[in-house]
Amino acid sequence: MIYRFKSKAGADVIMLQPQGEQILRLLGRETADPGLLRGAQLPEASAALERAVAEDEAAFARLQDEAAAAGESPPRREGISLRQRVWPLLELIGHAQRAEADVVWGG
């Protein structure tokens with residue numbers, strides 16, 4: 001399954017099922033489709049994604065600090081970071097906020 005996040009304010013953001021479901025859980029939304037974020041909900045959605053990114057980066061920084069303290073090589077990120085994953089959707093949410101538009105998603 002593919003998740004497609006859409007708004008009149010910008011280009012579609014497409015994610016594969018695991019990543020789309022991860023993002024929806026971060027937003028506190030059901031992973032069933034379709035869904036809707038109304039314009040008034042967008043600031044909260046954006047803040048939730050930013051908090052999740054900050055928590056992810058803090059956890060990774062702790063891992064690097066722990067490795068350095070133990071004299072080990074610092075770990076490297078596997079794959080795409082959460083910041084990279086949510087960036088396109090945060091951009092779409094920002095455009096939708098400025099245009100006072102909604103964001104919808106579906107398969």
*Kindly provide the set of residues from the stretch 32-59 that are touching a residue at least 40 places away in the same chain (Cβ under 8 Å) and in a helix (DSSP H, G or I), ordered by number.*
Gly39, Leu42, Pro43, Ala45, Ser46, Leu49, Glu50
*Residue check: is Glu66 modelled with pLDDT under 95 and either crowded, with 17+ Cβ neighbours inside 10 Å or over 22 Å from Leu16 (Cα atoms) (or both)?*
yes
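Only one residue in Arg29, Arg76 is under 13 Å from the mean Cα position of the chain (by Cα) and in a loop (DSSP other than H, G, I, E, B), so which one is that?
Only one candidate qualifies: Arg29.
With the requirement that a residue be of a type in the set (Ser, Thr, Tyr) and more than 23 Å from Ala99 (Cβ to Cβ), what does the stretch 7-65 give you? Talk me through it step by step, then tell me what you get.
Restricting attention to the stretch 7-65, the residues satisfying the condition of being of a type in the set (Ser, Thr, Tyr) are 7, 31, 46.
The one that is of a type in the set (Ser, Thr, Tyr) and more than 23 Å from Ala99 (Cβ to Cβ): Thr31.
Could you tell me which residue of the stretch 38-51 is modelled with the lowest pLDDT, considering only residues that are small (Gly, Ala, Ser) and within 15 Å of Trp105 (Cα to Cα)?
Gly39
From the residues in the stretch 13-37 that are touching a strand residue (DSSP E or B) at 6+ places or on another chain (Cβ under 9 Å) and surrounded by fewer than 12 Cβ atoms within 10 Å (Cβ to Cβ), which one is nearest to Gly106 (Cα to Cα)?
Taking the stretch 13-37 and keeping what is touching a strand residue (DSSP E or B) at 6+ places or on another chain (Cβ under 9 Å), we get 13-17, 19-24, 27, 29, 31, 33-37.
Filter again for surrounded by fewer than 12 Cβ atoms within 10 Å (Cβ to Cβ), leaving 16, 34, 36.
Details: Leu16: 12, Pro34: 4, Leu36: 9 Å.
Selected residue: Pro34.
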_So, in the stretch 79-107, exactly how many residues are within 11 Å of the chain's Cα centre (by Cα) and either on the phi > 0 side of the Ramachandran plot or not in a helix (DSSP H, G or I) (or both)?_
1
_Those residues of the stretch 78-105 which are loosely packed, with under 14 Cβ neighbours inside 10 Å and either touching a Phe, Trp or Tyr at 6+ places or on another chain (Cβ under 7 Å) or at pLDDT below 95 (or both), in sequence order_ = Glu78, Gly79, Ile80
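The values are calculated or read from the model by the stated rules, or taken from the named source; none is laboratory data. Keep in mind it's a predicted model, so treat the numbers as computed, not measured. FYI the Cβ positions are ideal-geometry reconstructions off the backbone, even for glycines, and counts take in every protein chain you see.
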